[in-house]
Amino acid sequence: EAQVTQNPRYLITVTGKKLTVTCSQNMNHEYMSWYRQDPGLGLRQIYYSMNVEVTDKGDVPEGYKVSRKEKRNFPLILESPSPNQTSLYFCASSRFPGELFFGEGSRLTVL
Amino acid sequence: DQQVKQNSPSLSVQEGRISILNCDYTNSMFDYFLWYKKYPAEGPTFLISISSIKDKNEDGRFTVFLNKSAKHLSLHIVPSQPGDSAVYFCAALTGQAGTALIFGKGTTLSVSS
(Lines give C-alpha, C1' and ligand atoms only; values in the text may rest on other atoms or scores of the structure.)
Protein backbone atom coordinates (compact mmCIF):
# COMPACT_ATOMS: atom_id res chain seq x y z
CA GLU A 1 0.00 0.00 0.00
CA ALA A 2 1.32 3.42 -0.97
CA GLN A 3 1.78 5.53 2.10
CA VAL A 4 3.63 8.24 3.95
CA THR A 5 4.38 7.24 7.53
CA GLN A 6 5.09 9.72 10.29
CA ASN A 7 6.27 9.01 13.83
CA PRO A 8 5.42 9.81 16.50
CA ARG A 9 1.75 10.61 15.88
CA TYR A 10 1.45 12.37 19.23
CA LEU A 11 4.16 13.87 21.40
CA ILE A 12 4.26 16.09 24.45
CA THR A 13 7.68 17.49 25.26
CA VAL A 14 9.30 20.35 27.15
CA THR A 15 11.04 23.48 25.94
CA GLY A 16 14.58 22.86 24.76
CA LYS A 17 14.49 19.09 24.53
CA LYS A 18 15.61 18.09 21.06
CA LEU A 19 13.24 15.93 19.11
CA THR A 20 12.92 14.35 15.68
CA VAL A 21 9.76 13.55 13.76
CA THR A 22 10.44 10.84 11.23
CA CYS A 23 8.84 10.59 7.80
CA SER A 24 9.11 7.71 5.40
CA GLN A 25 7.47 7.09 2.02
CA ASN A 26 7.32 3.87 0.01
CA MET A 27 6.46 5.33 -3.39
CA ASN A 28 9.97 6.18 -4.59
CA HIS A 29 8.99 9.85 -4.77
CA GLU A 30 11.66 12.45 -5.44
CA TYR A 31 9.85 15.35 -3.76
CA MET A 32 9.16 15.52 -0.03
CA SER A 33 7.96 18.34 2.17
CA TRP A 34 6.97 19.27 5.72
CA TYR A 35 3.98 21.43 6.66
CA ARG A 36 2.51 22.69 9.88
CA GLN A 37 -1.18 23.34 10.37
CA ASP A 38 -2.33 25.92 12.89
CA PRO A 39 -5.86 27.23 13.58
CA GLY A 40 -6.70 30.13 11.29
CA LEU A 41 -3.41 29.82 9.41
CA GLY A 42 -3.97 26.78 7.21
CA LEU A 43 -1.02 24.73 6.00
CA ARG A 44 2.37 26.40 5.91
CA GLN A 45 5.42 24.85 4.35
CA ILE A 46 8.46 24.41 6.58
CA TYR A 47 11.03 22.74 4.34
CA TYR A 48 11.01 20.77 1.13
CA SER A 49 13.38 18.50 -0.75
CA MET A 50 13.55 17.93 -4.49
CA ASN A 51 15.78 14.87 -4.12
CA VAL A 52 18.48 13.27 -1.99
CA GLU A 53 20.82 15.86 -0.46
CA VAL A 54 18.72 18.71 -1.93
CA THR A 55 16.67 20.67 0.60
CA ASP A 56 15.29 24.20 0.72
CA LYS A 57 13.37 26.47 3.05
CA GLY A 58 9.65 26.95 2.83
CA ASP A 59 7.65 29.76 4.40
CA VAL A 60 8.34 29.05 8.09
CA PRO A 61 11.73 27.32 8.46
CA GLU A 62 12.88 29.04 11.67
CA GLY A 63 13.57 26.60 14.48
CA TYR A 64 13.56 23.53 12.23
CA LYS A 65 16.13 21.43 10.43
CA VAL A 66 15.76 18.66 7.89
CA SER A 67 17.96 16.15 6.14
CA ARG A 68 17.51 13.95 3.08
CA LYS A 69 20.17 11.28 3.15
CA GLU A 70 17.96 8.63 1.59
CA LYS A 71 15.18 9.03 -0.93
CA ARG A 72 12.51 7.49 1.27
CA ASN A 73 13.21 9.40 4.51
CA PHE A 74 12.84 13.07 5.37
CA PRO A 75 13.08 13.67 9.14
CA LEU A 76 12.11 16.97 10.74
CA ILE A 77 14.39 18.03 13.58
CA LEU A 78 13.55 20.52 16.32
CA GLU A 79 16.90 21.26 17.97
CA SER A 80 15.44 23.35 20.81
CA PRO A 81 11.65 23.25 20.71
CA SER A 82 9.66 26.20 21.98
CA PRO A 83 5.95 26.52 22.81
CA ASN A 84 5.26 28.34 19.51
CA GLN A 85 6.18 25.13 17.73
CA THR A 86 3.15 23.42 19.24
CA SER A 87 1.29 22.40 16.11
CA LEU A 88 0.03 19.63 13.85
CA TYR A 89 2.75 18.56 11.45
CA PHE A 90 2.32 16.85 8.10
CA CYS A 91 4.89 15.21 5.91
CA ALA A 92 4.12 14.77 2.22
CA SER A 93 5.71 13.33 -0.88
CA SER A 94 5.12 13.27 -4.61
CA ARG A 95 6.82 12.46 -7.88
CA PHE A 96 6.52 16.13 -8.71
CA PRO A 97 5.88 19.06 -6.34
CA GLY A 98 2.15 19.42 -6.90
CA GLU A 99 0.04 16.32 -6.23
CA LEU A 100 1.17 15.44 -2.77
CA PHE A 101 0.50 12.33 -0.70
CA PHE A 102 0.25 13.34 2.93
CA GLY A 103 0.96 11.41 6.08
CA GLU A 104 -1.62 11.24 8.86
CA GLY A 105 -0.02 14.00 10.88
CA SER A 106 2.01 14.36 14.08
CA ARG A 107 0.52 16.42 16.87
CA LEU A 108 3.28 18.06 18.88
CA THR A 109 2.84 19.92 22.15
CA VAL A 110 5.77 21.84 23.63
CA LEU A 111 5.32 22.86 27.27
CA ASP B 1 1.23 38.75 2.96
CA GLN B 2 -1.12 35.98 1.98
CA GLN B 3 -0.62 34.91 -1.62
CA VAL B 4 -3.46 32.39 -1.70
CA LYS B 5 -6.68 33.49 -0.06
CA GLN B 6 -9.81 31.58 0.81
CA ASN B 7 -12.02 34.31 2.19
CA SER B 8 -14.89 32.12 3.33
CA PRO B 9 -13.95 30.10 6.42
CA SER B 10 -17.10 28.02 6.15
CA LEU B 11 -19.89 27.04 3.78
CA SER B 12 -23.12 25.15 4.47
CA VAL B 13 -25.02 23.42 1.68
CA GLN B 14 -27.91 21.01 1.45
CA GLU B 15 -27.40 17.55 0.03
CA GLY B 16 -27.96 17.47 -3.72
CA ARG B 17 -27.25 21.16 -4.24
CA ILE B 18 -24.11 22.73 -5.67
CA SER B 19 -21.17 23.70 -3.45
CA ILE B 20 -18.93 26.49 -4.72
CA LEU B 21 -15.65 27.10 -2.93
CA ASN B 22 -13.63 30.13 -3.92
CA CYS B 23 -9.95 30.98 -3.93
CA ASP B 24 -8.05 34.14 -4.93
CA TYR B 25 -4.35 34.53 -5.54
CA THR B 26 -2.10 37.54 -5.85
CA ASN B 27 0.89 36.34 -7.86
CA SER B 28 0.34 36.25 -11.62
CA MET B 29 3.38 33.94 -11.93
CA PHE B 30 1.49 31.04 -10.33
CA ASP B 31 0.77 28.57 -13.10
CA TYR B 32 -0.57 25.45 -11.43
CA PHE B 33 -3.36 25.20 -8.88
CA LEU B 34 -4.65 22.35 -6.78
CA TRP B 35 -7.47 21.56 -4.38
CA TYR B 36 -7.05 19.30 -1.38
CA LYS B 37 -9.66 17.85 0.93
CA LYS B 38 -9.07 17.13 4.60
CA TYR B 39 -11.13 15.12 7.06
CA PRO B 40 -10.51 15.46 10.83
CA ALA B 41 -7.63 13.35 12.14
CA GLU B 42 -6.40 12.60 8.61
CA GLY B 43 -3.86 14.13 6.27
CA PRO B 44 -5.07 16.19 3.29
CA THR B 45 -5.79 14.29 0.10
CA PHE B 46 -5.35 15.61 -3.42
CA LEU B 47 -8.66 16.28 -5.15
CA ILE B 48 -8.21 18.06 -8.47
CA SER B 49 -5.80 20.41 -10.21
CA ILE B 50 -5.68 22.86 -13.08
CA SER B 51 -2.91 24.32 -15.18
CA SER B 52 -2.95 27.98 -16.15
CA ILE B 53 -3.23 27.02 -19.81
CA LYS B 54 -6.75 25.76 -19.09
CA ASP B 55 -9.82 27.47 -17.68
CA LYS B 56 -11.68 24.35 -16.59
CA ASN B 57 -10.93 20.85 -15.39
CA GLU B 58 -13.53 18.28 -14.52
CA ASP B 59 -13.39 15.02 -12.58
CA GLY B 60 -16.70 13.41 -11.81
CA ARG B 61 -18.69 15.61 -9.46
CA PHE B 62 -15.77 18.03 -9.07
CA THR B 63 -14.96 20.87 -11.47
CA VAL B 64 -12.33 23.55 -11.02
CA PHE B 65 -12.60 26.83 -12.91
CA LEU B 66 -9.72 29.26 -13.38
CA ASN B 67 -10.08 32.93 -14.26
CA LYS B 68 -6.55 34.20 -14.79
CA SER B 69 -7.49 37.81 -15.41
CA ALA B 70 -9.29 37.94 -12.07
CA LYS B 71 -6.69 35.71 -10.35
CA HIS B 72 -9.55 33.59 -9.10
CA LEU B 73 -10.36 29.92 -9.06
CA SER B 74 -13.34 28.02 -7.81
CA LEU B 75 -14.22 24.42 -7.00
CA HIS B 76 -17.73 23.25 -7.86
CA ILE B 77 -19.15 20.09 -6.33
CA VAL B 78 -22.34 18.85 -7.95
CA PRO B 79 -24.33 17.25 -6.46
CA SER B 80 -23.04 17.74 -2.93
CA GLN B 81 -23.12 14.74 -0.60
CA PRO B 82 -22.79 14.51 3.19
CA GLY B 83 -19.46 12.69 2.71
CA ASP B 84 -18.11 15.84 1.08
CA SER B 85 -18.17 17.58 4.47
CA ALA B 86 -14.51 18.42 5.09
CA VAL B 87 -12.00 21.25 4.99
CA TYR B 88 -10.99 22.21 1.44
CA PHE B 89 -7.64 23.82 0.77
CA CYS B 90 -6.70 25.69 -2.36
CA ALA B 91 -2.98 25.65 -3.25
CA ALA B 92 -0.68 27.19 -5.85
CA LEU B 93 2.73 26.12 -7.10
CA THR B 94 5.46 28.70 -6.95
CA GLY B 95 9.21 28.96 -6.63
CA GLN B 96 11.88 27.90 -9.03
CA ALA B 97 10.47 25.24 -11.33
CA GLY B 98 7.35 25.19 -9.18
CA THR B 99 9.02 23.76 -6.13
CA ALA B 100 6.99 25.28 -3.31
CA LEU B 101 3.29 24.73 -2.70
CA ILE B 102 1.44 27.58 -1.01
CA PHE B 103 -1.89 26.79 0.65
CA GLY B 104 -4.84 28.95 1.51
CA LYS B 105 -6.29 28.83 5.02
CA GLY B 106 -9.07 26.46 4.05
CA THR B 107 -12.86 26.47 3.85
CA THR B 108 -14.94 24.10 5.97
CA LEU B 109 -17.79 22.65 3.93
CA SER B 110 -20.79 21.18 5.73
CA VAL B 111 -23.30 19.26 3.65
CA SER B 112 -26.55 18.49 5.44
CA SER B 113 -28.95 15.74 4.48
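The values are calculated or read from the model by the stated rules, or taken from the named source; none is laboratory data. Predicted, not measured: the structure shown is a model, and the values here were computed from it. We place every Cβ from the backbone using ideal geometry, glycine too, and count neighbours over all the protein chains shown. Just the protein is used for accessible areas: all its heavy atoms, side chains included, with ligands, DNA and RNA removed. Shrake-Rupley method; radii C 1.70, N 1.55, O 1.52, S 1.80 Å.
Can you name every residue in region B:84-104 that is modelled with pLDDT of 95 or more and either within 19 Å of residue B:41 (Cβ to Cβ) or surrounded by fewer than 22 Cβ atoms within 10 Å (Cβ to Cβ) (or both)?
Within region B:84-104, B:84, B:85, B:86, B:87, B:88, B:89 qualify.
So, in region B:16-38, exactly how many residues are at pLDDT below 95 and surrounded by fewer than 18 Cβ atoms within 10 Å (Cβ to Cβ)?
5
Scan region A:31-52 for residues that are in contact (Cβ under 8 Å) with a residue 60 or more places away in the chain and away from chain B (no Cβ under 11 Å) and report the count.
Count: 1.
When you go through (1) among the hydroxyl-bearing types (Ser, Thr, Tyr); (2) free of Cβ contacts under 8 Å to residues at least 12 places away in the same chain; (3) touching a His at 6+ places or on another chain (Cβ under 7 Å) one by one for residue B:45, which number turns out not to apply?
It fails just one condition, (3).
For a quick check of your reading of the model, give me the residue pairs whose first member lies in region B:13-28 and is closer than 14 Å to residue B:63 by Cα, whose second is assigned to a strand (DSSP E or B) and hydroxyl-bearing (Ser, Thr, Tyr), with beta-carbon atoms closer than 6 Å and at least 6 apart or on different chains.
Once the first residue is closer than 14 Å to residue B:63 by Cα and sits in region B:13-28, its partners that are assigned to a strand (DSSP E or B) and hydroxyl-bearing (Ser, Thr, Tyr) give B:20/B:74; B:21/B:88; B:21/B:107; B:22/B:74.
Quick check on my filter: what residues within region A:20-36 are surrounded by fewer than 20 Cβ atoms within 10 Å (Cβ to Cβ) and under 12 Å from the mean Cα position of the chain (by Cα)?
A:20, A:22, A:24
Can you confirm whether residue A:77 is closer than 21 Å to residue B:44 by Cα and more than 10 Å from chain B (Cβ to nearest Cβ)?
When the stated conditions are applied, residue A:77 does not pass them.
If I ask for residues that are over 23 Å from residue B:89 (Cα atoms) and surrounded by 12 or more Cβ atoms within 10 Å (Cβ to Cβ), which ones from region A:1-16 would you list?
Listed by number, the residues that qualify are A:7, A:8, A:11, A:13.
Quick check, is residue B:7 in a strand (DSSP E or B) and of a type outside the set (A, V, I, L, M, F, W, C)?
no
Sort out which residues of region B:9-42 are within 13 Å of another protein chain (Cβ to nearest Cβ) and under 14 Å from residue B:109 (Cβ atoms), and write them in order of number.
Answer for region B:9-42, where residues must be within 13 Å of another protein chain (Cβ to nearest Cβ) and under 14 Å from residue B:109 (Cβ atoms): B:9, B:10, B:23, B:35, B:36, B:37, B:38, B:39, B:40.
Let me confirm something: among A:87, A:94, A:82, which residue is of a type in the set (Gly, Ala, Ser), surrounded by 15 or more Cβ atoms within 10 Å (Cβ to Cβ) and within 21 Å of residue A:41 (Cα to Cα)?
On inspection, the qualifying residue turns out to be A:87.
Report, by residue number, each residue of region A:90-110 that is facing another protein chain (nearest Cβ under 7 Å) and farther than 16 Å from residue B:94 by Cβ.
Across region A:90-110, the qualifying residues are A:90, A:102, A:103, A:104, A:105.
Hey, which of the strands (runs of 3 or more DSSP E) in region A:13-111, taking only ones fully inside, have at least 3 residues that are closer than 20 Å to residue B:33 by Cα?
Filter on region A:13-111 gives A:31-38, A:42-51, A:87-94.
Could you tell me which of the residues B:63, B:45, B:108 is in contact with a strand residue (DSSP E or B) (Cβ under 7 Å, 6 or more places away or on another chain), open to solvent by 30 Å² or more (accessible area, probe 1.4 Å) and more than 9 Å from chain A (Cβ to nearest Cβ)?
B:108
What are the residues in region A:53-70 that are among the basic types (Lys, Arg) and surrounded by 12 or more Cβ atoms within 10 Å (Cβ to Cβ), if any?
Residues satisfying the conditions are A:57, A:65, A:68.
Going by the structure shown, is residue A:46 of a type in the set (Val, Ile, Thr), open to solvent by less than 10 Å² (accessible area, probe 1.4 Å), under 24 Å from residue A:14 (Cβ atoms) and out of contact with any Cys (no Cβ under 8 Å at 6 or more places or on another chain)?
Against the criterion (of a type in the set (Val, Ile, Thr), open to solvent by less than 10 Å² (accessible area, probe 1.4 Å), under 24 Å from residue A:14 (Cβ atoms) and out of contact with any Cys (no Cβ under 8 Å at 6 or more places or on another chain)), residue A:46 qualifies.
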